[in-house]
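Participant: Quick one: this structure, given as structure tokens, is what I'll be asking you about.
The values are calculated or read from the model by the stated rules, or taken from the named source; none is laboratory data. Note that the structure is predicted; figures quoted are calculated from it, not measured. Glycine gets a Cβ as well: all are built from the backbone with ideal geometry, and neighbour counts include every protein chain shown. For accessibility, only protein heavy atoms count, side chains too; no ligands or nucleic acids. Shrake-Rupley method; radii C 1.70, N 1.55, O 1.52, S 1.80 Å.
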Amino acid sequence: MNSRKGSGSGIFLMEMIMVCGFFLLCAAVCIRVFIQADHMSRRAREMNQSVLAAESLADRWKVGAAENEGPSGGGWPDQVSWDQDWTLLDMEDLDKGAARWYTADLYRQEEPGTVCHMTIQIRRGEDHPRQDPEDPENVLYTLEVERYSPAP
């Protein structure tokens, strides 16, 4: 009887392939976790900035009651926009074609001698790279504000 003994390299090769496959699977899971963490971090940063921007607009609306002074010096518009660094854009910037990364829609109900209401809804603007009108995460923050407007 002629028995032939192999060198054992076939089993070693199979074991190495399984180890490499396991490490590839672990790497894929880690990359997915890092991408998800980056997405969450960006979303939290946007949300934090939108809260600060909404509070700033609300404070300006409350203080500018007598002067009716809006965020960029004139009257209160229905929409305010910011660029990617959250710098407030005025009409000159928008006329020059500045990118609207973030936009605040201002819904006001004002009558002299009553309590006035304003709702500030901050969302991603038209020029934001991740802007999707049907995405529920498109609206970053909503703030409702009240102030008393004295009768003239």
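Participant: Within the range 80-117, which residues are assigned to a strand (DSSP E or B) and either aromatic (F, W, Y) or out of contact with any Leu (no Cβ under 8 Å at 6 or more places or on another chain) (or both)?
Facilitator: Listed by number, the residues that qualify are W82, L88, L89, Y102, T103, D105, Y107, R108, Q109, V115, C116, H117.
Participant: Moving to a separate point now. Only one of these conditions is not met by W86: (1) open to solvent by 70 Å² or more (accessible area, probe 1.4 Å); (2) within 16 Å of R42 (Cα to Cα); (3) of a type outside the set (D, E, K, R). Which number is it?
Facilitator: (1)
Participant: For the range 137-151, give me each residue that is open to solvent by 30 Å² or more (accessible area, probe 1.4 Å) and farther than 9 Å from K62 by Cα.
Facilitator: E137, V139, Y141, T142, L143, E144, P150, A151
Participant: When you look at V29, is it modelled with pLDDT of 85 or more, farther than 18 Å from V139 by Cβ and open to solvent by 60 Å² or more (accessible area, probe 1.4 Å), yes or no?
Facilitator: Taking the combined requirement at face value, the residue satisfies it.
Participant: May I ask you to list the residues in the range 54-70 that are modelled with pLDDT of 85 or more and either part of a loop (DSSP other than H, G, I, E, B) or more than 15 Å from S149 (Cα to Cα) (or both)?
Facilitator: A54, E55, S56, L57, listed by residue number.
Participant: Considering the range 107-123 alone, what residues qualify as being free of Cβ contacts under 8 Å to residues at least 60 places away in the same chain and crowded, with 19+ Cβ neighbours inside 10 Å?
Facilitator: Scanning the range 107-123 gives a single hit, R123.
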